[in-house]
Every structure is written in structure tokens, then in C-alpha cells.
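Colleague: Let me give you the structure first, and then I'll get to my questions.
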Amino acid sequence: MAALACALLLCACQQSLESTLPAGDAAYAAVAVPDAGPVVYALQVGDRVDVRVFQEADLSVEDVAIDETGSITLPLVGSIQAAGRTTQVLAKDVERAYGARFLRDPYVTVVLRAAVARTVSVEGEVERPGVYAIQPGQTLLTAMALSGSPTDTAKLDEVLIFRTVNGERFGGRFDINEIRSGRMPDPALLPGDVIVVGFSAARGRYQDFLRAVPILGIFGRF
């Protein structure tokens, strides 16, 4: 029992992941995803699209990739910005480009042929750390499920989300138990987010002790 008391005392002294990121409401504000109504798909670099100009086969292109600058190249009009736009908005931009100089009342449709994977990274105390594809509107609990859920030694009140927006890094600290219980919202994720699940050194030491109990032959009530 003395050994148990010492072990538990050491647990209390262990350092876990210390974060200076905002928590509570401030954390949700830091990684807030604007509510813009129904989720729409914004094109991004690497996506491939078909651009069809009605009754203008020579101006229509298929399977054109959005390049590293976020643009596609079309006959006569050259480069047109595509990344960050929906297919409908891009179609209108192409109509304006052709209508300004080459066609009268052009009608354009843009079809997404292939999308690059939208991914988030999950690190720390989860069963399967790694990079996972997500769909628009998926959340922190989705990422936890994809990564096999937190381990026994995870510090569930120190789950961090890091996000880079226009070259600036944001982050927040979240409590998974509060989210699971419905007392706090489940934050939406964006492609490129990095999630880090903290390690509870105290729980780790406790799990080590439990694994040693059968070997040491120690039994007691606690």
C-alpha cells in the first residue's frame, strides 16, 4: 500500500501537455467556421474540372487541373482564377471572360471531375495517429472516431486544434468529455487542421502501476 501511495503521489507531480491556447468560448471563436447556410464545395488546387461552353466545342475543355496558382487556363481568355470558387461561380466568371471579347451571351457549365482529398492530421494520444480524409461539415468527434478514439492515457480536456488561415496560425483547446455530453458544441473542422490529443502523465503512471500489480502480487482497495 505504501508503494501504491507513492505511485499515486508521483502521478500528481507529473507534467501533462501544457497549452497556452484559448479554452472555452474563446477556443470556439478562434477556430469558428462561418455559418454560410448549406455546405457548398469550394474548388481547390489539384481539383480537376470540365468546362463546357454551349455550342462552342473549340472553347470547351475537359479534365483541366487547377494549378498551383489556383487558376485554370482556357482557350482565348487564358488564366482564370478557380480555387476558392464553387463550380457555379467559376462558370459565371468564364461567361464574363468570353462575353467581354469573344462571344455574345455565352452559356458555360463547370463540372467537378475529380477532387483532391481534404485531410486533417491527428496526433498524440489516439489509437491510430495519421492523416485522414474528411468531408465538408465534419467535426472534431469525427476525427476522433477516424483515428480510433483517444487512448487510456489521453488528457481529454486538452485536445488542441491548430488551423492556418491566410498564413496566420490559430488554435484552441477543447474538452472531449464536455463535447460528448452535449454540454459544449462539436467544432467543425477545415482541411489542413492539425489535432493534437494531450497525454496525461498521471493516468499513464496509473496504467503502468495497474499492469505491474499481477507481477508484484499487490492487492488492495482503492
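Colleague: Just how much of TYR107 is accessible, in Å², when a 1.4 Å probe is used and the result is rounded to the nearest 10?
Modeller: 130
Colleague: Taking Cα centroids, how far is segment 110-129 from segment 58-104 in Å?
Modeller: Using only Cα atoms to place each centre, the spacing works out to 27 Å.
Colleague: Hey, with R₀ at 25 Å, roughly what FRET efficiency would VAL116 and ARG96 work out to, going by the Cβ-Cβ distance, to 0.05?
Modeller: Values: r = 27 Å, r/R0 = 1.06.
The value I calculate is 0.40.
Colleague: What spacing in nm lies between the two simple spin-label points modelled at THR164 and ALA133, each 7 Å away from Cα in the Cβ direction?
Modeller: Going from the THR164 label point to the ALA133 one covers 2.3 nm.
Colleague: Above 19 Å lies some portion of the pair distances; for segment 46-127, what is it as a whole percent of all C-alpha pairs? Numbers along the way, then the final one.
Modeller: Working: 1248 of 3321 pairs.
For segment 46-127, the fraction of Cα-Cα distances above 19 Å is 38 percent.
Colleague: So if I place +1 on the C-beta of Lys and Arg and -1 on the C-beta of Asp and Glu, and nothing else carries charge, what would the dipole magnitude of segment 94-145 be about its Cα centre? I want it in debye, nearest 20. Intermediate values should be presented prior to the final figure.
Modeller: Working: 6 positive and 5 negative charges, 91 e Å.
Here the size comes out at about 440 debye.
The values are calculated or read from the model by the stated rules, or taken from the named source; none is laboratory data. Owing to the predicted nature of the structure, the values given are computational and were not obtained by experimental measurement. Every residue, glycine among them, receives a Cβ derived from its backbone with ideal geometry; neighbour counts consider all protein chains shown. The accessibility values were calculated without ligands, DNA or RNA, using every heavy atom of the protein model including side chains. Shrake-Rupley method; radii C 1.70, N 1.55, O 1.52, S 1.80 Å.
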